[in-house]
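> Right, I'll just put the structure down here and ask away after.
The values are calculated or read from the model by the stated rules, or taken from the named source; none is laboratory data. Since the structure is predicted, the reported quantities are computational estimates derived from the model, not experimental observations. FYI the Cβ positions are ideal-geometry reconstructions off the backbone, even for glycines, and counts take in every protein chain you see. Please note that ligands, DNA and RNA were not included when accessible areas were found on the heavy atoms of the full protein model with its side chains. Shrake-Rupley method; radii C 1.70, N 1.55, O 1.52, S 1.80 Å.
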2 protein chains.
Amino acid sequence: MVFGNFGDDSGTGVCFSRDPSTGINKFYGEYLMNAQGEDVVAGIRTPEKIATLEKKNKKVYDQLVAIKDRLENHFKDMQDLEFTVQQGELFILQTRSGKRAGAAAVKCAVDMVAEKLITKEEAILRVSPDHLDQLLHPMIDPKAFKTAKALTKGLNASPGAACGRIVFTAKDAEEWNAKGEKVVLVRKDTSPEDIGGMVVSEGILTSTGGMTSHAAVVARGMGTPCVAGAKGVSVQGKKVVIGGTSFKEGDWITIDGSTGNVYGEKLSLIVPSISKDMSLFLSWCDEVRDASVRGDITGFKVRTNADQPEDVKRAFDFGADGVGLCRTEHMFFEKEKLIHFRAMILADNIDERKAALKKILPLQKKDFFGIFKAMNGRPVTIRLLDPPLHEFVPHTKAEIAEVAAHLNVSVKDLQPKIDRLHESNPMLGHRGCRLAVTYPEIYDMQVEAIALAAVDCLKKKIPVHPEIMIPIVCDERELAMIRPNAETIIKNVMTKAKVEIPVRIGTMIEVPRAALLADKIAEYADFFSFGTNDLTQMTFAFSRDDVASFMPSYLEKNILEVDPFKSIDEEGVGMLIDIAVKKGRGMKGDFKVGICGEHGGDPQTIDFCYRAGLSYVSCSPFRVPLARLAGAQAVIRNASAKK
Amino acid sequence: MVFGNFGDDSGTGVCFSRDPSTGINKFYGEYLMNAQGEDVVAGIRTPEKIATLEKKNKKVYDQLVAIKDRLENHFKDMQDLEFTVQQGELFILQTRSGKRAGAAAVKCAVDMVAEKLITKEEAILRVSPDHLDQLLHPMIDPKAFKTAKALTKGLNASPGAACGRIVFTAKDAEEWNAKGEKVVLVRKDTSPEDIGGMVVSEGILTSTGGMTSHAAVVARGMGTPCVAGAKGVSVQGKKVVIGGTSFKEGDWITIDGSTGNVYGEKLSLIVPSISKDMSLFLSWCDEVRDASVRGDITGFKVRTNADQPEDVKRAFDFGADGVGLCRTEHMFFEKEKLIHFRAMILADNIDERKAALKKILPLQKKDFFGIFKAMNGRPVTIRLLDPPLHEFVPHTKAEIAEVAAHLNVSVKDLQPKIDRLHESNPMLGHRGCRLAVTYPEIYDMQVEAIALAAVDCLKKKIPVHPEIMIPIVCDERELAMIRPNAETIIKNVMTKAKVEIPVRIGTMIEVPRAALLADKIAEYADFFSFGTNDLTQMTFAFSRDDVASFMPSYLEKNILEVDPFKSIDEEGVGMLIDIAVKKGRGMKGDFKVGICGEHGGDPQTIDFCYRAGLSYVSCSPFRVPLARLAGAQAVIRNASAKK
């Protein structure tokens, strides 16, 4: 055979047995006649749609359709074919499973099950978690995408695209938002006090910080697109230079948290939703997970990490089986509560502290009620106060003055108290249940608020399933002290209300010592939940907030294959998890064990969690569908690995 | 029998078969005639020495001597007897082993072996580590002690008494010292930059910080008495109020680091030395440890943690078998090196960094030479740079200006570089071998300095046995990268000098992950040394610098029985050590494994280390004799436990 352009009865083409963008079962492809050899690859001529071939050469077209059908039937998957036509004769050059977009992957999988081409299990393995991820976040309209040019690129810290006006402070974000404007918060970095502004922003762009910076973690939790650590972004006061171009407050910007790209203009976005096909597809995933059996453990659930009723509702709609982690500290950053919380931590004595806590109690109760209601009877695991107190102290002069006025003391007298809360290594400091050992009244208030909210639900006929989780446990005697205290408070509330709602009390396993001594700790816990963010920090001695200075070298020099804050380190952290599961379950047969670190939304980690025997994974609301799929894939993959 | 005062032929006494203060084998005691009943206990009359009884009532005296001899022979220990004489007839009311001072304990033990009353093993168990500790530090003259009144009490952070003039800054300490004055450094707390002043101070008194504060840790390391966290001390500028009394610079003060007492006056001290008896006694301890066999491991050595030639010399004199931990970072705080080190960490690029390192190289080499010489051929384990770089950054305006001038940049340009080194949790940050991954040239310089110093020793016919230790390892690939680099540098130095000195390269096990994966790490390490300070921090998620806010509650509420930074936590941290020893030894039979955390000087921990199969413990120079004893006791105790 001689190559080259033989004339109009010769040509080349590429086709797909189904549409690779949408998955619709319609023959799709392009071809070019008088175009064998270089011309096809060079792309200097515009190819024709495959449909026109039917008119131009029906014989070849019919042959091609018959062959693509046969191949798809044989390989039981959408085929990507290359063919050539030489002087009227068809040659198939190559066939392989076709690459497809997220929507196409789901559509093909669902259709092929309906066509009895593949089983549900096969369908589940055909869709990758990345496929679903594409479908769960807003994206830049491909048409706009073609002409737009990115000014710079940062880390793809939280997926999805966002478009809005630039604001530089959380306060400005709230003000523009109140006027009905969409905003993108642009900052050097963010801190817990920016929460209010982050919530109302379409997207977040930071010039420093890594994949686990405050901005990145919070944005992922909220499902807000975020580009972090964009070195080409330089914020100075209320101006920002992005890749050499200057912008001011109110200018339009578009960020793509899936790629890390930053655009200096308003681009149109496509907002996705869960399609009927995806809903059906995910129900198969649930069936597979629910039917899975590992020893005494039946099923493999997906919960969510969410702290606000609206986030919980979203996760519920996305199919979460419950809340795996409701952090109570974010609630304290709300303006209304913050002043009382600050008064509490700066109190001079237990009476002052209790007085401040009394003011927080009804506000926390309201939060919990909203969350219970949004989960409508599915389990909600509430973690009691976890972070070091200094995270809540006032920083600016104005804030300090406000707190001093509230406490009726001078700024001069207040400052030493603030200074006293400073810690050298807050991650390893006075936090979590350690606060309950020194100041039991804080957890007492939180437990009472949970019990009261549960009672309120019951009275309003809303089903409720609360679980309380104690963080940063390192010794069983911490639980032995805290648990009876909590039980007494719950009992008092229930007795007074004349109801009975079971409240299980469990613990985080996030300190290496707790994993090592899990058998002893299990005696005082109704369940475990692995806090793999902290467990990874302690096991590696890596501070999440500080790894940016050396993690790139570690990955580049192949000392670590993957950032252990992204996918669980099975070798080290995984060994501790294995030890803890075995020791915990050794005490109590079907003891419930889950994971609530950020890893819970990572497909590779979900596979590990299934193998490790965990009862559920928990992840941010936007990753729930992805986890439902990844969990089902883990079940199928590991079942066939056993065979 | 009727009690009461019967007359001059009746009386009561207390006696010791040997002198309980000195241990001298001479009958010792007091008695009081016409003094049965209340008078003896009431202490209203002054008793007479036992020797006078011989004159007054020889019969009774001879009976008493015969009985005390019989009892001592029977119980094979110094006896504390209570007796009464009723109308000339002797009654022994009670006998028991007598409590004795440190000196007496050693003297009795040595004498009784000579008298063939007890075996060497029994003698070793008769002396407690506390007994030795008493004898190894200066103490307040008991005569002075009787009249002196403590103004306040802090933590007994580093044992021994110190007397000197009050100074408030490290610089003042050096200046007064240069004038030949003895000083006690009084501060709120200390930081690494105070090292110079701490070295020349007789003692250190701080108003804040716990047993593991910088002041306490460094003072123990240097054998300098220290009272830390004395709440009754309030430093304001160059004045201090101690328990209500004001003092200024130059005023005399005495502190007792063994009790925590602070005295506002000059008290006379007794300075101890190792007696002939103690020297003999400790040689028996060495025999027992050297002869001990656990599986493949023969002997149980005692090394020292020391960074300065004079400290190493002291430890050598105290019987250390080698240096278990020579920290190289303290060396950098010396004025001469600090400016170059600061230039290095603030360098803009590798060339600037290398230029600064080149200036440090000869200075480090000199340090290492001095240490090798002081150890005279015994193994010296040098740990490469461990702490986060920010510990070295200039803080004060003057320091920043000095560095800026040295680097020939403006303060304004320098400040952002300093800020960039800030870390949220430096303990879990960019430190140890992580620095070698990002800036290999730092360790390269240190390894070259070690090799050059070893060559110098050999040329001067000083025997030398260097070992290099890599800190903060969490993955074997760190070692796989760093080790060949170090080997090449050593080889180049040796080849050039035409000598061959074996240099073993090992690693710290101080990160939980390293303990869990010790089998893999052992492939690249010639030895392990447990850094139990850090291992305890990571395993508990306790920051040593921050535990003061909750540790008292943990101990008081009995959640922890003992501060895990004082005695090793056998349950949790010990489990990791056991895992690491087993996994490490699994790879290489008699693989050398030691401990170099501060725990290495704690008797309870030393017993654990013996049981865990460690080859040696390492502790501060002043605790070496104590560890020689505690190690021998561990050998004997565990041998008899097995029987």
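> Along Cα-to-Cβ, 7 Å out, sits the label point; list in nm, shortest first, how far the one on B:PHE145 is from those in the other copies.
8.2
> Quick one: grab Rg to one decimal and Dmax as a whole number for the protein assembly as shown, Cα atoms only, in Å.
Cα radius of gyration and Dmax of the protein assembly as shown are 37.2, 144 Å respectively.
> Can you tell me the orientation of helix B:102-114 relative to chain B, as the angle in degrees between its alpha-carbon axis and the longest Cα principal axis, to the nearest 10?
70
> When only alpha-carbon atoms count, how far does the range B:202-259 stretch along each of its three principal axes, as whole angstroms with the largest first?
Result, largest extent first: 30, 21, 19 Å.
> Using a cut-off of 22 Å between alpha-carbon atoms, which lysines can reach A:LYS146, once sequence neighbours fewer than 8 places away in the same chain are excluded?
A:LYS49, A:LYS99, A:LYS266
> Order the peptides A:520-528, B:310-318 from the highest to the lowest mean number of other Cβ atoms within 10 Å of their residues.
Details: A:520-528: 22.2, B:310-318: 20.7.
Top to bottom by mean Cβ count within 10 Å: A:520-528, B:310-318.
> Before I look further, what does the range B:1-159 give for accessible area per residue, probe 1.4 Å, in whole square angstrom? Let's see the in-between values first.
Numbers: 8610 Å² over 159 residues.
On a per-residue basis, the range B:1-159 sits at 54 Å².
> Decide, for the range A:397-462, between rounded, prolate and oblate: order the square roots of the alpha carbon gyration tensor eigenvalues as a ≥ b ≥ c, take rounded if a/c falls under 1.5, and otherwise choose prolate if a/b is larger than b/c, else oblate.
Numbers: a/c = 3.34, a/b = 1.70, b/c = 1.96.
Oblate is the answer for the range A:397-462, as a/c is 1.5 or above yet b/c matches or exceeds a/b.
> Same structure, new question: For helix B:58-75, what angle does its Cα long axis make with the longest principal axis of chain B, in degrees from 0 to 90 and rounded to 10?
Tilt of helix B:58-75: around 40 degrees.
> Let me ask something additional. Roughly how many debye, to the nearest 20, is the charge dipole of the range A:595-643 about its Cα centre, given +1 on each Lys and Arg Cβ, -1 on each Asp and Glu Cβ, and no other charges?
Working: 6 positive and 3 negative charges, 57 e Å.
Using only the charged Cβ atoms, the result is roughly 280 debye.
> What does the structure give for A:506-517 when I average, per residue, the other chain Cβ atoms found within 10 Å of the residue Cβ? If you can, show how the numbers build up before the last one.
On the way: counts 0, 0, 0, 0, 1, 7, 14, 14, 4, 3, 10, 4.
That works out to 5 on average.
> Points 7 angstrom from Cα along the Cβ direction at B:THR438 and B:LYS99: gap in nanometres?
Each label point is offset 7 Å from its Cα along the Cβ direction, giving 5.5 nm.
> If you don't mind, there's one more thing I want to ask. How big is the gap, in Å, between the Cα center of the range A:344-406 and the Cα center of the range B:307-336?
Each part's Cα centre sits 50 Å from the other's.
> Straight distance only, please: which aspartates and glutamates reach the Cα of A:LYS26 with their own Cα at less than 18 Å, same-chain residues fewer than 8 apart left out?
A:GLU48, A:GLU54, A:ASP62, A:ASP69, A:GLU72, A:ASP77, A:ASP80, A:GLU82, A:ASP111, A:GLU115, A:ASP277
> In whole Å, what three semi-axes, largest first, describe the equivalent ellipsoid of the range A:525-615 built from its Cα gyration tensor (square root of 5 times each eigenvalue)? Kindly include the intermediate steps, with their values, before the conclusion.
Numbers: eigenvalues 139, 30, 23 Å².
Equivalent-ellipsoid dimensions as semi-axes: 26, 12, 11 Å.
> Starting from the Kirkwood Rh over alpha-carbon pairs, what translational D in µm² s⁻¹ does the range A:410-563 have by Stokes-Einstein at 10 °C and 1.306 mPa s?
Details: Rh = 18.2 Å.
The estimated diffusion coefficient comes to 87 µm²/s.
> Beyond a 31 Å Cα-Cα separation, which of these cross-linked pairs lie in this structure: B:LYS365/B:LYS592; A:LYS366/A:LYS498; B:LYS337/B:LYS496; A:LYS313/A:LYS520; A:LYS337/A:LYS583; B:LYS179/B:LYS239?
Values: B:LYS365/B:LYS592 26 Å; A:LYS366/A:LYS498 20 Å; B:LYS337/B:LYS496 27 Å; A:LYS313/A:LYS520 36 Å; A:LYS337/A:LYS583 40 Å; B:LYS179/B:LYS239 21 Å.
Checking Cα-Cα distances, A:LYS313/A:LYS520; A:LYS337/A:LYS583 exceed 31 Å.
> Using a label point 7 Å beyond Cα on the Cα-Cβ vector, give me the inter-copy distances for A:GLY180 in nanometres, one decimal, shortest first.
8.9
> If you don't mind, another one. Work out the mean other chain Cβ neighbour count within 10 Å for the residues of A:413-424 and drop it here as an integer. Could you put the intermediate results ahead of the total?
Working: counts 0, 0, 0, 0, 0, 0, 0, 2, 1, 1, 5, 7.
Average per residue, whole number: 1.
> Enter the mean projected area of the convex hull around the alpha-carbon atoms of chain B, in nm², rounded to one decimal.
On the way: hull surface 132.0 nm².
Mean orientational projected area (chain B, Cα hull): 33.0 nm².
> Can you check what the net charge comes to around B:ARG126, using other residues whose Cβ is under 14 Å from the Cβ of B:ARG126 (Lys, Arg +1; Asp, Glu -1)? Kindly include the intermediate steps, with their values, before the conclusion.
Values: positive: B:ARG18, B:LYS76, B:LYS99, B:ARG100, B:LYS107, B:LYS120, B:ARG637; negative: B:GLU72, B:ASP77, B:ASP111, B:GLU115, B:GLU121, B:GLU122, B:ASP130, B:ASP277.
Result for the local shell: -1.
> Excluding residues fewer than 8 places away in the same chain, name every one of the lysines whose C-alpha is closer than 22 Å to that of A:LYS566.
Excluding near neighbours in sequence, the set is A:LYS153, A:LYS231, A:LYS301, A:LYS557.
> How big a patch of accessible area, both sides summed and in Å² to the nearest 100, lies buried between A and B at a 1.4 Å probe? Spell out each step's value before the answer.
Working: alone 28610 and 28620 Å², together 52830 Å².
Interface area, both chains combined: 4400 Å², rounded to the nearest 100.
> Something else now. Of all DSSP beta bridges located in chain A, what percent are antiparallel, nearest 5?
Details: 47 of 82 bridges.
Here the share of antiparallel DSSP bridges comes out near 55 percent.
> How big is the C-alpha Rg of the range B:353-486 next to the rule-of-thumb value 2.2 N^0.38 Å, as a ratio? Show your work: numbers first, answer last.
Values: Rg = 17.1 Å, N = 134, 2.2 N^0.38 = 14.1 Å.
With N residues counted in the range B:353-486, Rg over 2.2 N^0.38 Å equals 1.21.
> What distance in nm separates the two pseudo spin-label positions at A:GLU265 and A:PHE91, each 7 Å out from Cα along the beta-carbon direction?
That separation, rounded to one decimal, is 4.5 nm.
> Against the longest alpha carbon principal axis of chain B, how many degrees, from 0 to 90 and to the nearest 10, is the axis of helix B:440-459 turned?
Rounded to the nearest ten degrees, it is 60.
> Same structure, new question: Measuring label to label, 7 Å along Cα→Cβ, what does B:ALA114 give against each other copy in nm, shortest first?
Listed shortest first, these distances are 10.4 nm.
> Can you work out the FRET efficiency for the pair A:VAL499 and A:ALA641, with r the C-beta to C-beta distance and R0 = 56 Å, to the nearest 0.05?
Values: r = 47 Å, r/R0 = 0.85.
The value I calculate is 0.75.
> List the trypsin sites (Lys or Arg not before Pro) within the range A:376-462 that DSSP assigns to loop and that have no more than 11 neighbouring Cβ atoms inside 10 Å.
Numbers: sites: A:ARG383, A:LYS397, A:LYS412, A:LYS417, A:ARG420, A:ARG431, A:ARG434, A:LYS459, A:LYS460, A:LYS461; in loops: A:ARG431, A:LYS460, A:LYS461.
Listed in order of number, the matching sites are A:LYS460, A:LYS461.
> Threshold 10 Å², probe 1.4 Å: give the residues of the range A:548-568, in number order, that are less accessible with all protein chains present than with their chain alone.
Residues shielded by partner chains are A:SER549, A:PHE550, A:SER553, A:TYR554, A:LYS557, A:ASN558, A:ILE559, A:LEU560, A:GLU561.
> Can you figure out the FRET efficiency of B:SER279 with A:SER234, using R₀ = 60 Å and their beta-carbon distance, to the nearest 0.05?
0.30
> Right, next: With the convex hull built on the Cα atoms of the range B:51-114, state its orientation-averaged projected area in nm². Before the final figure, lay out the partial values.
Numbers: hull surface 19.7 nm².
That works out to 4.9 nm², a quarter of the Cα hull's surface.
> Can you list the residues, at least 5 places off or on another chain, whose amide H is less than 5 Å from the amide H of B:VAL464, using H built in the peptide plane?
Here the answer is none, since no amide H 5 or more places off falls under 5 Å of that of B:VAL464.
> Continuing with the same structure: Can you check what the net charge comes to around B:THR169, using other residues whose Cβ is under 10 Å from the Cβ of B:THR169 (Lys, Arg +1; Asp, Glu -1)?
Working: positive: B:LYS171, B:ARG187, B:LYS238; negative: B:ASP172, B:GLU174, B:GLU175, B:ASP194, B:GLU249.
Its environment carries a net charge of -2.
> Efficiency by 1/(1 + (r/R0)^6): what FRET value for B:LYS461 and B:VAL293, r their Cβ-Cβ distance, R0 = 35 Å, to the nearest 0.05? Could the numbers behind the result be given before it?
On the way: r = 35 Å, r/R0 = 0.99.
Given R0 = 35 Å and the Cβ-Cβ separation, E is 0.50.
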